[in-house]
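First comes the structure, then the notes that go with it.
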Amino acid sequence: MITFQEEPFAKFFKDGQALFVQHHKELALNQEKIEMEMDEQKYQALEDAKILFVLTVRDQGYLIGYLVAFIMPHMHYKSAGLMALTDMYFIRPLSRRGAGARMFIEFEKRMKARGVVQIMTSCKKHQDHSQLLEKLGWNNTDFTFTKVLI
Amino acid sequence: MTTQERLLSLIDRETGKAATLESTFDDLGLDSLDLVSLLQAVDEEFGGNVLDKITDIHAVGDILKAIK
């Protein structure tokens, strides 16, 4: 039985180590130049500041995916209300049958319940979820560009 | 035609798979996009806002419960 729940960062970080490696291998760009090293202290500080949101996906209690987001008023629209920006999301390949859609719907519900006025996310060009996100009512509004300088 | 028959027929039409009430989405080989498309089709035909209940829906029988 797959369940979705919000969890404290520390528990998620402890259980997520193997998935983070899998996630990085599958999706991260420029891996030969930029190593994965999650900043545990900074994430914890964001949680302490009530900015961090961690939604976990578990199957029989075993962590199979996650969606992490930052929730705060947008720097350009201070009085517009809370906005959420996803930091990362992942479902392990073995468990993907519909779990991603469920996770995004769960994320949206929980953001609505918190009074968040806008949610923002992105996906990689080599792992394009545009069709799914658009079916779920998201609008494709931006392009992101990256240039490695080392 | 009963609701159950209409639902199974819709699933057949949308996915090309012959489902039973016990069939899970995994059994039907649906990915996230397929699943959302199917539940949107169910919502269009039966109402019930099934897509919104997606986290509680794991098998075809759960859809039937949600639209009844």
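We did not get these values from a lab; they are worked out from the coordinates using the rules stated. The shown structure was predicted, so the numbers you read here are calculated from the model rather than taken from an experiment. With ideal geometry, Cβ positions are generated from the backbone for all residues, glycine too; neighbour counts draw on all protein chains shown.
Here is how the numbers come out for the structure above:
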quantity	calculated
Span from the the range A:126-150 Cα centroid across to the the range B:1-56 one, whole angstrom	28
Pair A:Trp138, A:Val21: separation of 7 Å Cα→Cβ label points (nm)	2.8
Size of charge dipole - the range A:9-89 - debye, nearest 20, with Cβ of Lys, Arg +1 and Asp, Glu -1, no other charges	260
Net dipole in debye of the range A:100-147 [+1 Lys, Arg Cβ; -1 Asp, Glu Cβ; about Cα centre; nearest 20]	160
Mean separation of Cα contacts under 8 Å (6+ apart) over length of the range A:1-138, as relative contact order %	22
Residue order, fewest to most beta carbons within 10 Å, for B:Lys17, A:Lys135, A:Lys25	A:Lys25, B:Lys17, A:Lys135
Helix-derived mean residue ellipticity, 222 nm - over chain A, DSSP H n ≥ 4, -39500 (n - 2.57), to 500	-9500 deg cm²/dmol
Footprinting exposure proxy for B:Thr20, A:Thr141, A:Thr86 (fewest neighbouring C-beta atoms within 10 Å first)	A:Thr141, B:Thr20, A:Thr86
Sites A:Met72 and B:Lys68 - FRET efficiency at Förster radius 41 Å, r taken between beta-carbons, to 0.05	0.50
Residue exposure sequence - A:Glu35, B:Glu14, A:Glu134 - by fewest surrounding Cβ within 10 Å	A:Glu35, A:Glu134, B:Glu14
Dipole magnitude (debye, nearest 20) for chain B, charges at Cβ of Lys, Arg, Asp, Glu	220
Three-way shape call for the protein assembly as shown based on the alpha-carbon gyration tensor, with the a/c threshold at 1.5	prolate
FRET efficiency, 1/(1 + (r/R0)^6) with R0 45 Å, evaluated for A:Gln118 and B:Thr2 via beta carbons	0.60
Violating pairs (Cα-Cα greater than 23 angstrom) within the set A:Lys42/A:Lys109; A:Lys25/A:Lys109; A:Lys25/A:Lys135; A:Lys112/A:Lys135; A:Lys78/A:Lys112; A:Lys14/A:Lys50	A:Lys42/A:Lys109; A:Lys25/A:Lys109; A:Lys25/A:Lys135
